[in-house]
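Below is one structure; the comments refer to it alone.
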Amino acid sequence: MSNQSITVLITGAAGRIAYSLIPILLSGSIFGENIKINLRLLDIDIMKSKLEGVSMEITDSNYELLDQLVVTTDQQEAFTDVQVAILLGGYPRLAGMERKDLIAKNAEGMISQAKALGTSK
């Protein structure tokens, strides 16, 4: 096993797409079977309990390539020193929310994440 590692951020990490992607990522299918993964999972505050559940499943699965796991709702913490960012997050449509409101909310989130990515080291 190599000492090489890569820091990967997944936003929207409590969602279904991330849930399906994480095992593939940690199996070595994406970056290779010799690259350790420092995984950062980011989601919004209202998804915190689901995010913690995802974290427990990852820990219980004991992935050989998982080097570090950081689970957070803090964007600055998540984006710091990230090498690969997989932006899956989208704000969920709440009761009474019109489509234009949802699009505006998601655009705001993507702009914020793009800025955070632009300032990460």
* Asked: Convex hull volume of the Cα atoms in the chain, per residue, in Å³?
  -> 95 Å³
* **Heavy atoms of ILE17 accessible to a 1.4 Å probe, total area in Å² rounded to 10** => 120 Å²
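Determine the dipole magnitude for the chain: charges of +1 sit on the beta-carbon of Lys and Arg, -1 on that of Asp and Glu, nothing else is charged, the reference point is the Cα centre, and the result goes in debye to the nearest 20.
On the way: 11 positive and 14 negative charges, 90 e Å.
Roughly 440 debye for the chain.
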* Choice from GLU98, GLU33, GLU77 showing the highest fluctuation, given a GNM over the chain with Cα pairs closer than 10 Å -> GLU98
* Structure fact -> Computed over the chain: longest principal axis from alpha-carbon atoms vs helix 99-119 long axis, angle to nearest 10 degrees, is 40 degrees
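Could you give the length gained by full extension between LEU102 and ASP74, i.e. 0.36 nm per residue of separation minus their alpha carbon distance, to one decimal place?
Contour length minus the Cα-Cα distance gives 8.0 nm.
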* FRET efficiency estimate (nearest 0.05) - Cβ-Cβ, SER112 to ILE30, R0 25 angstrom -> 0.45
* Under the classification rounded if a/c is under 1.5, otherwise prolate if a/b is larger than b/c and oblate if not, where does the range 40-94 fall, given a ≥ b ≥ c as square roots of the Cα gyration tensor eigenvalues? -> oblate
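The values are calculated or read from the model by the stated rules, or taken from the named source; none is laboratory data. Being a predicted model, the structure only gives us computed values, none of them experimental. Virtual Cβ from ideal backbone geometry, glycine too; neighbours counted across all protein chains shown. Accessible surface areas use protein heavy atoms only, side chains included; no ligands, DNA or RNA. Shrake-Rupley method; radii C 1.70, N 1.55, O 1.52, S 1.80 Å.
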